[in-house]
Amino acid sequence: MQKIKREFDVIVVGGTPGGIAAAVAAARRGRSVALVERSYHVGGMSTSGLGKSDIERREIIGGVFSDFIRRVKQRYVNTLGADSEQFRYCRNGYYFEPSVAEGVFHDILRDAGDITLLLGHQLEGADVDRDRVRAIRVTDLQTGADHCLMAAVFIDATYEGDLYAAGGAAYRLGRESRQEFDEPHAGVIYFDYQNGVILPRSTGAGDDRLPAYTYRLCLTTDPDNGVALTEQPSGYQRETYLPYLEDLAEGRLSAPKVLNDGWGYYPEHFDTLLRALSVTDLSSGKVDANINPRPLAFPFPEENIGYIEGDWETRDRIAHRHRELTLGLLWFLQQDESVPARHQKMARQYNLPRDEFTDNDHFPWQLYIREGRRLEGLYTMTQHDVTQLPGSPETPEFDDTIAMGEFPIDSFPVRKRQPGDTQVLEGYLGMLAHITRPYKIPYRAMIPRQLEGIIVPVALSATHVAYSSIRMEPTWMALGHAAGVAADLSLKRNSDVRDVPIPELQQQLAKEGQVLRLPDEKTQARTRAKARLV
């Protein structure tokens, strides 16, 4: 079969929120854009169960992300009414059902301009000439046709970092040692998340381990919309989940020391097996159900081994195993004879939603890739860039700031329960809000050291610890927005993306609502400007 050749100004690989923001930002400047995504859906995790925006300070992130939130809110106003009880669960557009988010993303893409959406297209490789990406090869999974897609600028918006890896760019995979960047929370670590203390047995050694992957569930409490599990899921082994009973008996499913609004705490779930999940209300009788990583029975660590460097068949097999584990946990909570009757009754209130993921048996299609490859870029973000630590009381200033981040460092465990584990699983860094501060992200972190013609807003250049804060969809959308504008400037000047004029890039981003400094910094800047005028 002959290869189909097509040419665009900009090609974005990865229909994640970061990829959508990049495609939209470039298309709004009149560029022809191809958005390539292996699945048949756009939106990554935001349309696949992650129903709340992971953002603690809403004033920190604007731009395309703000447009998304505004449209989500308006859609709920139109369907539910601003005065309805259900409307308040959308929290002004920051919390959403998967189908609502996907509809809004399609609206944004449609309105942006010349975007060719290539869903069900699988990346097979990249053609590189003199250290520059010239084209990518993809397969149409529906027809089997091979495509050669050419562009002047490429944007890797995959969670895994697949495009730049195909192009031969250097990357990191796993955890740095504590010594490499002098990061207190790097490497092998046991962390007391209740008191913010590093525990004994934390060696700080680097390794190739990655935070656990899971699925993020959207469940419904509406009996008329629920699809209950009626038989054991494939691969179910009750022995996998029985250790949760030990967690319950030893108090690890009790209330957290500090309750934070929107973090998935239901007081009625405290001291029950329902604490295996972290449940947050959404509109229309649905909830966002995360898998709680704090119990020692948490079964997902190490199940992702081989995923990132594996072929597509390997990845699909590992994703299917995660699906089995997830449905198995739900079945255990609802049906296993060892689960107290009161806990079973509560668990049976939550079922798969009939009106979500209708082409996938009502189960999310996107595996939650919390961390994959991380680019070796012109600048590497470290813990010192995102936190307030002794010796570095403020986060750094960058001349090439193009976005901001603010979410607490938060990494899932990397290993299953080890001998001697009595408090926490190894690798868990639970919401380090006490030291994480709003921080600036430099453009250089998105640019490979050698490979030209490519910008990386998602699997960008950062250590494991720093990435554990950056890796949030709102932050990735801000970075994608910057990548799309930079692609346009590169084309205008016929220069490589590493040579775009930073002041012009920053000026354009600021005009479009991108936040490049803290609000109090803006106030101080206006005060200084007035003083100069006087």
Close pairs (9 angstrom Cβ cut-off, 6 or more residues apart or separate chains): under 15 Å from LEU432 (Cβ atoms) and touching a residue at least 12 places away in the same chain (Cβ under 8 Å) in region 383-402, exposed (fewer than 10 other Cβ atoms within 10 Å of the Cβ) and of a type in the set (D, E, K, R) anywhere: GLN388/GLU394
Going through region 142-151 in order, the residues found to be closer than 29 Å to HIS481 by Cβ and either of a type in the set (Asp, Glu) or within 27 Å of the chain's Cα centre (by Cα) (or both) are LEU149, ALA151
ASP410 passes all but one of the listed conditions (1) part of a strand (DSSP E or B); (2) over 28 Å from THR240 (Cα atoms); (3) among the acidic types (Asp, Glu); the exception is number (2)
If ILE308 passes every condition in (1) crowded, with 19+ Cβ neighbours inside 10 Å; (2) in contact with a strand residue (DSSP E or B) (Cβ under 6 Å, 6 or more places away or on another chain) but one, which one does it miss? (2)
Yes or no: region 279-294 includes at least one residue that is outside any loop (DSSP other than H, G, I, E, B) and of a type in the set (Ser, Thr, Tyr). yes
Can you name every residue in region 451-497 that is open to solvent by 10 Å² or more (accessible area, probe 1.4 Å), out of contact with any Asp or Glu (no Cβ under 7 Å at 6 or more places or on another chain) and either of a type in the set (Phe, Trp, Tyr) or in a helix (DSSP H, G or I) (or both)? LYS492, ARG493
If you go through region 353-364 one residue at a time, do you hit one that is touching a Gly at 6+ places or on another chain (Cβ under 9 Å), surrounded by 15 or more Cβ atoms within 10 Å (Cβ to Cβ) and assigned to a strand (DSSP E or B)? yes
For region 112-127, how many residues meet the condition of being among the polar types (S, T, N, Q) and under 20 Å from VAL64 (Cβ atoms)? 1
Residues (free of Cβ contacts under 8 Å to residues at least 40 places away in the same chain and surrounded by 15 or more Cβ atoms within 10 Å (Cβ to Cβ)) located in region 248-263: LEU248
Does at least one position in region 159-181 carry a residue that is without any contact (Cβ under 8 Å) to a residue 40 or more places away in the chain, in contact with a strand residue (DSSP E or B) (Cβ under 7 Å, 6 or more places away or on another chain), open to solvent by less than 40 Å² (accessible area, probe 1.4 Å) and not hydroxyl-bearing (Ser, Thr, Tyr)? no
Single match in TYR368, TYR350 (criterion: of a type in the set (Phe, Trp, Tyr), out of contact with any helix residue (DSSP H, G or I) (no Cβ under 7 Å at 6 or more places or on another chain) and crowded, with 21+ Cβ neighbours inside 10 Å): TYR350
How do the helices (runs of 4 or more DSSP H) wholly within region 88-183 filter down when requiring 2 or more residues that are over 25 Å from GLY310 (Cα atoms) and among the basic types (Lys, Arg): which remain? none
Residue among THR221, THR230 that alone is farther than 29 Å from MET472 by Cβ and out of contact with any strand residue (DSSP E or B) (no Cβ under 6 Å at 6 or more places or on another chain): THR230
Scanning region 280-305 residue by residue, the ones that are open to solvent by less than 30 Å² (accessible area, probe 1.4 Å) and either at pLDDT below 95 or of a type in the set (S, T, N, Q) (or both) total 5
From the list ALA433, ALA466, ALA462, ALA486, exactly one residue is out of contact with any Gly (no Cβ under 8 Å at 6 or more places or on another chain) and modelled with pLDDT under 95. Which is it? ALA433
Identify the residue in region 194-247 that is among the basic types (Lys, Arg) and part of a loop (DSSP other than H, G, I, E, B) and, among all such residues, is most open to solvent (accessible area, probe 1.4 Å). ARG201
Within region 281-295, can you find the residues that are touching a helix residue (DSSP H, G or I) at 6+ places or on another chain (Cβ under 6 Å) and either under 11 Å from LYS416 (Cα atoms) or free of Cβ contacts under 8 Å to residues at least 12 places away in the same chain (or both)? PRO295
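The values are calculated or read from the model by the stated rules, or taken from the named source; none is laboratory data. All values derive from a computational prediction rather than experimental measurement. Backbone-built Cβ (ideal geometry, glycine too); neighbour counts: all protein chains shown. For accessibility, only protein heavy atoms count, side chains too; no ligands or nucleic acids. Shrake-Rupley method; radii C 1.70, N 1.55, O 1.52, S 1.80 Å.
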